[in-house]
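We did not get these values from a lab; they are worked out from the coordinates using the rules stated. This one's a predicted model, so the numbers in the text were calculated from it and none came from an experiment. No Cβ is skipped: glycine too gets one built from the backbone with ideal geometry, and neighbour counts run over all protein chains shown.
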Amino acid sequence: MVWSIVVTRHNQEDKTIEALNQLQLGSRLFKLRKEVVQKGVVIQKLLPAFPRYVFVEPKMFWRRILDLPSVITFVKSSIPSFDEDEPTDEAAPAIIADEVVLSLEKRSDHEFILFDEANESCLIKRFQFGDRVRITNKYNPFAIHPATYLGKDQITINLLGRVTVVNVDEAELELVERPSKRKRRGGRRAFKKRRQYAYSEAGSEALQ
């Protein structure tokens, strides 16, 4: 299978999946169960594991996909595209290794919901999708660019404002930063702390 990744508009991942299904194109939107606080109550919610990224089997429907209102662009490769009808120097959409998608599928259920990170079967040995990495080989022309791990010897870098996929030997990569889970402020615990602080402040003023 040939996979690529489309970049969607903010919170438009589900609409993109629906549109791709109407075009009868294979697609994957991997999600995670996360605890969020709504109106002071902790609930579980399904959120995209990779916000604004949707995997798709384009089947030469590149322009049809780009015409979708919810799609901004494809993640691009470092190789210029070639179109016999419209020659251009613009980079071609990146081809994602099938092993990357298969690896994520093995770490998810039939609805492509990724398993809990506490489950060893969902861990990637060295790097995880989205890790900030650095190329250690100083002779690699892309070594000076900050990079994001994509999977299976592939990283993304930012070249002149464009997200570009680059193939690199994974042995030449080192971890710079692993994105941590965001801690949300609010909820009952935070409210109780604020209230206790307000009471202590009021009490100290009364004693003065």
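Across the range 163-176, rounded Karplus estimates of 3J(HN,Hα) from the backbone phi angles (6.51 cos²θ - 1.76 cosθ + 1.60, θ = phi - 60°) give 6, 10, 8, 10, 7, 8, 5, 4, 5, 8, 9, 9, 6, 9 Hz, Gly and Pro being marked x. Taking other C-beta atoms within 10 Å as the exposure proxy, K152, K106, K39 rank K39, K106, K152 from fewest upward. Using 0.36 nm per residue and subtracting the Cα-Cα separation, the extra length available between L175 and F61 on full extension is 37.5 nm. Around R52, under 9 Å between beta carbons, what's the net of Lys plus Arg minus Asp minus Glu among the other residues? Residues close to R52 contribute a combined charge of 0. Normalised by 2.2 N^0.38 Å, where N is the number of residues, the alpha-carbon radius of gyration of the range 1-68 equals 1.29.
Sequentially through the range 59-69, phi angles give Karplus couplings (6.51, -1.76, 1.60; θ = phi - 60°) of 6, 6, 8, 3, 5, 4, 5, 5, 7, 5, x Hz, Gly and Pro residues having no value and appearing as x.
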